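The values are calculated or read from the model by the stated rules, or taken from the named source; none is laboratory data. Given the structure is predicted, the values throughout are model-derived calculations rather than measurements. Backbone-built Cβ (ideal geometry, glycine too); neighbour counts: all protein chains shown.
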Amino acid sequence: MIKANSTSRRSPYARFAPLVVATLGLTLTMAPSLRAQDINPHRQIIVQRSPANSGKLVIKSLTHNAAKQPLRAGTTFSVTMTGTPRAQVEIFLIEDGNNVRSLPVQEVSAGVYVASLNVRNQDRLEEGIIIGRLQRQNQVVFRAASEPVVFQSRGGAGGNSSNPRPSPEPENPNTLRPQFTSHQNEDRITTRGFTLRGQTQANAEVSIRVTSSLPVLGGFLDLASGILINQTVRADNQGNFQLQIPPPNNMSRGVRYLIQAAARRGNQTSPTVELTLIQE
């Protein structure tokens with residue numbers, strides 16, 4: 001059974017309906033009335049596989065930081081979803097209607113879910129779609145963000161847009177915000193422990209916090225949760241820094257490492273950047 005709560009205006013995402021339906025895992029048997037216009041950022045789709053006995057499941061909002069202007073390589077893409085607390089959550093990025101990427105997400109406070117992605121130079125997007133999925137017991141809710149996602153490579157080259165966007169200004173190599181040089185987001189770790197390297201301003205202090213987790217049973221259990229390291233290192237005269245990260249006690253394939261880093265120099269402090277790595 002599918003219910004939609006809101007307006008009837010046609011969505012700009014309508015042409016992506018088949019891919020969105022595949023992403024949400026709906027079939028024509030489960031959702032015989034789902035049409036292209038149902039993929040609407042102003043409406044919430046509720047799927048009930050059987051009569052629900054729990055409280056109402058709801059997504060109140062779904063926003064991201066790539067709505068006002070394109071994000072470029074070296075920045076962090078962030079998605080925030082608010083809704084029913086303590087639910088099972090997934091956030092998907094549909095890339096120009098061709099590919100679906102699942103973003104790592106955490107409940108940072110009751111009912112507030114945040115996902116992030118480090119934008120790489122090859123991550124060029126002309127019209128990405130963010131889909132949020134919330135599940136608890138026998139009820140599932142989906143919602144699409146109202147604004148498209150746009151990533152722009154450093155050189156502004158590539159893409160098939162008929163209205164190419166202007167190239168961003170060259171990235172400042174002396175920026176205080178830490179940039180990881182040893183790994184990219186979602187890279188696989190094949191060793192016990194690893195060395196994290198990055199760059200910031202010369203002689204800046206970089207605070208690094210690394211946690212590990214191994215979600216199982218749909219995220220209801222975590223077999224390797226813990227803080228691996230929480231340490232401050234100083235960059236050298238060229239702004240390079242590194243830190244050896246130890247393995248978790250219960251290391252196994254699938255362990256996810258969340259790395260958070262912020263740099264400080266004098267009275268200036270950079271925003272926190274995040275990186276997710278996965279143990280092979």
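For the stretch 68-82, a residue qualifies if it is within 17 Å of residue 271 (Cα to Cα) and of a type in the set (D, E, K, R), and exactly one does: 72. Here the condition is being touching a residue at least 40 places away in the same chain (Cβ under 8 Å) and not in a loop (DSSP other than H, G, I, E, B); of 90, 107, it holds for 90 alone.
The one condition from (1) free of Cβ contacts under 8 Å to residues at least 40 places away in the same chain; (2) surrounded by fewer than 21 Cβ atoms within 10 Å (Cβ to Cβ) that residue 124 does not meet is (2). Selection over the stretch 59-93 of residues that are at pLDDT below 90 and touching a His at 6+ places or on another chain (Cβ under 6 Å) gives a count of 0. Examine the stretch 166-189 for a residue that is over 21 Å from the mean Cα position of the chain (by Cα) and at pLDDT 95 or above, and state whether such a residue exists. No.
How about the stretch 226-258: which of its residues are of a type in the set (S, T, N, Q), over 18 Å from residue 183 (Cα atoms) and part of a strand (DSSP E or B)?
Within the stretch 226-258, 230, 231, 232 qualify.
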